[in-house]
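Reading through the structure tokens given below for one structure.
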Ligand SMILES: [Cu+2]
């Protein structure tokens, strides 16, 4: 097939805007309503964070308290639902390959300092986590660990690698694309596994990290290792899968 320059330019333009963000949360299979700027510290649009040294890596570009906090208990299943331009659409361009991660931190930190603890990670297991997220209508879940009562920020994140063969600090037109949102929850049960100290955003992800600079067109996906720390031993699991109809 002969590919015209116009077609290439059009496909690049489409890829550039084919981003994603979180629409809302389900708790134990019950949808909690449109969470944007309500219980999600939503960014103004679905653009990725590309500068891994920017403060926006913690809770995206609009990190401020929002009016609602969702009550959860240890053992509850919390499901995050992503979308592209409108709810239950194509979720994310299929070019956007990479891991699905979830971190948690005390809300009192506002996301600053060595506070982020990884509680879920799924990168590649025969297929990319993001491909399975698209099939699951943008839905993936974690179980709330046995944490002390209090307020926490949940931070689901997609690390997409379609331009991650380059470093953003060397070529700002390319580089890894990070998509994250911080969601306000209040743990009402009083568990005994206190959250350990965590890692810092920014700071944890580096351009020397093969989870951040990785050529998916060249290297076997099975060799990819997601960035950031190991999943906390006190985490209670999670999965990528649809829990309900949007
Ligand atoms: Cu995109």
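Here are the numbers:
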quantity: Principal axis dimensions, the range 117-160 - Cα atoms, whole angstrom, descending; calculated: 37, 18, 17
quantity: Neighbour-count ranking [beta-carbon atoms within 10 angstrom, fewest first] of 26, 82; calculated: 26, 82
quantity: Alpha carbon centroid spacing (whole Å) that separates the range 115-131 from the range 201-246; calculated: 4 Å
quantity: Against the rule of thumb 2.2 N^0.38 Å, how large the Cα Rg of the range 76-154 comes out; calculated: 1.23
quantity: Förster-model FRET efficiency, 45 Å R0, residue 30 and residue 61, C-beta, rounded to 0.05; calculated: 0.90
quantity: Percent of Cα pairs exceeding the 29 Å cut-off, where the set is the chain; calculated: 24 percent
quantity: Degrees, to the nearest 10: 5-17 long Cα axis against longest axis of the chain; calculated: 10 degrees
quantity: Relative contact order of the range 19-230, defined on C-alpha pairs under 8 angstrom at six or more residues apart (%); calculated: 26 percent
quantity: Simple spin-label estimate for residue 69 and residue 149 in nanometres, 7 Å along Cα-Cβ; calculated: 1.2 nm
quantity: The chain: calculated mean residue ellipticity at 222 nm from DSSP helix runs of at least 4, using -39500 (n - 2.57); calculated: -2500 deg cm²/dmol
quantity: Length released on extending from residue 166 to residue 54, taking residue separation times 0.36 nm less the Cα-Cα span; calculated: 38.6 nm
quantity: Burial ordering of 52, 142, 40, fewest other beta-carbon atoms within 10 Å first; calculated: 142, 52, 40
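Computed from the coordinates by the stated procedures, all read-outs in this text should not be read as laboratory data. Remember, it's a predicted structure, so these values are computed and weren't measured experimentally. Don't worry about glycine lacking a Cβ; one is built from the backbone with ideal geometry, like all the others, and counts go over all protein chains shown.
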